[in-house]
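Structure record follows, encoded as structure tokens.
No lab work stands behind these numbers, since they all come straight from the coordinates. Keep in mind that what you see is a predicted model, and the values were worked out from it rather than measured. Cβ placement follows ideal geometry from the backbone for every residue including glycine, while neighbour counts extend to all protein chains displayed.
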Amino acid sequence: MQYYLVALLGSPLELLTYQSDTLLEIGMQVSITLSKREMRGVVIDGVDKPDFKTESILEVFPFFFSHAQIKMAQFMAEYYGCSLGEALNLCVPFERMESPYSVRGELVKPQIALQAQGERIPIDIILSSVQNEALNFIRSHPVSLLFGDTGAGKSEIYMKRMDEILSEGKRALLLLPEISLTPQMEERFKRHFGELFVLWHSKMTPKQKKITLAKIYDGSARIIAGPRSALFLPLKDLGVIVVDEEHDESYKSSSRPRYHARDMAMLRRKLL
């Protein structure tokens, strides 16, 4: 018999101990009972047999939380005064599916952009001397704050940096205020990055989210943009995180668990 500490998703309770007759991995999503109520939780660590009676884990799901996601959640729980389960409830787990393109029986064929095959030739972004100076500063500093008036060309600078990150085989995450998630913004990025660009937001349908996650899993999505919730996607190989309009109030969560996406982005950078 194995024993594990489990964080209950969305619950303010601390970690609880459950037992399982099978060996489980850290980050697995499981089903447990608490006061005769079935809940979902995340395996956080293995422990020795306790000196009190424990309930059994009912079911193991094909959902996993990454090491980076658990580390972020642990920081949030300590720094913002919430439970680990509340923090993990913000995260989107990685799903192990028989086919990464399966969406309720349908086959989703992701359109792999030509750059993923080494053939795409994006329209080059020409920067001014001032913009190049800012880009050089960003290259040499792990954390940078870019100032500029509206229309001053800040987005061209970080899009150029994203091009460089793509050439290194890495991904980029772009956080945007809710008000900036417009069709015009999406069209602009798709025009430059093609099918490498995906958008994530709360108004997507479950099917749209499933398709987008499939592209994230298989690696065809290289530029991911969205509001503060996109920070909790299961992203690997991140080379840069851009927090556009970092002073915007929408980056602050006013409901529990409370957090500031700018600060969490800086932590996420350390977990790249």
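Things to note:
- Taking the charge dipole of region 2-95 about its Cα centre, with +1 at Lys and Arg Cβ atoms and -1 at Asp and Glu Cβ atoms, the residue from Ser31, Met76, Pro12 reaching farthest to the positive side is Pro12.
- When the pairs Lys203/Lys236; Lys49/Lys270; Lys71/Lys154; Lys154/Lys210; Lys154/Lys207 are compared against a 27 Å limit on Cα-Cα distance, Lys49/Lys270; Lys71/Lys154; Lys154/Lys210; Lys154/Lys207 fall above it.
- Estimated distance in nm for a label pair at Ser129 and Ser202, the labels positioned 7 Å out from Cα along Cα-to-Cβ: 4.7
- Residue among Met39, Met159, Met76 with the largest mean-square fluctuation in a Gaussian network model of the chain, springs linking Cα atoms under 10 Å: Met39
- Here region 2-95 is treated with +1 on each Lys and Arg Cβ and -1 on each Asp and Glu Cβ, and its dipole about the Cα centre works out to around 160 debye.
- Sequence of Tyr158, Tyr80 once ranked by neighbouring C-beta atoms within 10 Å, starting from the fewest: Tyr80, Tyr158
- Highest GNM mean-square fluctuation among Gly27, Gly239, Gly169, for the chain modelled with Cα contacts below 10 Å: Gly169.
- Proximal charge balance of Ala230 [Cβ under 15 Å; K/R count +1, D/E count -1]: +4
- Those chymotrypsin sites (Phe, Trp or Tyr not before Pro) in region 1-78 that DSSP places in a loop and that have at most 16 other beta carbons within 10 Å: Phe52
- Extension gain, Asp237 to Ser140: 0.36 nm times the residue separation minus the Cα-Cα distance gives 33.0 nm.
- The antiparallel fraction among DSSP beta bridges confined to the chain stands at about 65%.
- Hypothetical label at Gln74: residues of region 233-272 whose amide nitrogen lies under 17 Å (7 Å Cα-Cβ projection): 267-272
- Spin-label model distance (nm) - Leu23 vs Arg258, 7 Å beyond Cα toward Cβ: 4.4
- Candidate aspartates and glutamates - alpha carbon under 17 Å from Lys53, same-chain residues fewer than 8 apart omitted: Asp21
- Region 143-181: GluC sites (Glu not before Pro) falling in loop per DSSP and having at most 16 other Cβ within 10 Å: Glu168
- Which of Val198, Val143 has the fewest Cβ neighbours within 10 Å, and the rest in rising order: Val143, Val198
- Order of Lys270, Lys210 - criterion: other Cβ atoms within 10 Å of each residue's Cβ, fewest first: Lys270, Lys210
- Values of log10 I(q)/I(0), in the order q = 0.07 Å⁻¹, for the chain under a Debye, Cα-only, solvent-free model: -0.29
- Extending 7 Å from the Cα toward the beta-carbon at both Phe147 and Asp218 defines two label points whose distance is 4.6 nm.
- Furthest towards positive pole of dipole, Ile123, Thr205, Ser229, structure part the chain, Cβ charges: Thr205
- Nearest 10 degrees, 0 to 90: helix 154-167 Cα axis against the chain principal axis: 70
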